[in-house]
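Derivation of every value follows stated rules applied to the coordinates shown; laboratory data play no part. None of these values were measured; they are calculated from a predicted model.
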């Protein structure tokens, strides 16, 4: 049973992989992001927009620092910032409520 499409949005200089991720309920989905903006862009932000809702902040992270999830559920999301230009967001225990467009910036 495939339940949950997670779609990634791209902008100039930012690449997100995969562009669409279909997950089974209960699985985890890893979303990767990279940019070619240079070393001064060391931070990474993740957002999502669910159908019919406003954009929601998930997490802010920098290389070598603890991520700031704000009010997002840390049991639902995890993030890794491997390098200045690369990072990932994992959505854990995917359910229908996780279907959204995910953005990194």
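One table, with the values for the structure above:
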quantity	calculated
Orientation-averaged projected area, Cα convex hull of the range 2-104 (nm²)	6.2
Kirkwood Rh and Cα Rg combined as Rg/Rh, the range 56-95	0.96
Computed lengthening from residue 60 to residue 19, 0.36 nm per intervening residue step minus Cα-Cα distance	12.7 nm
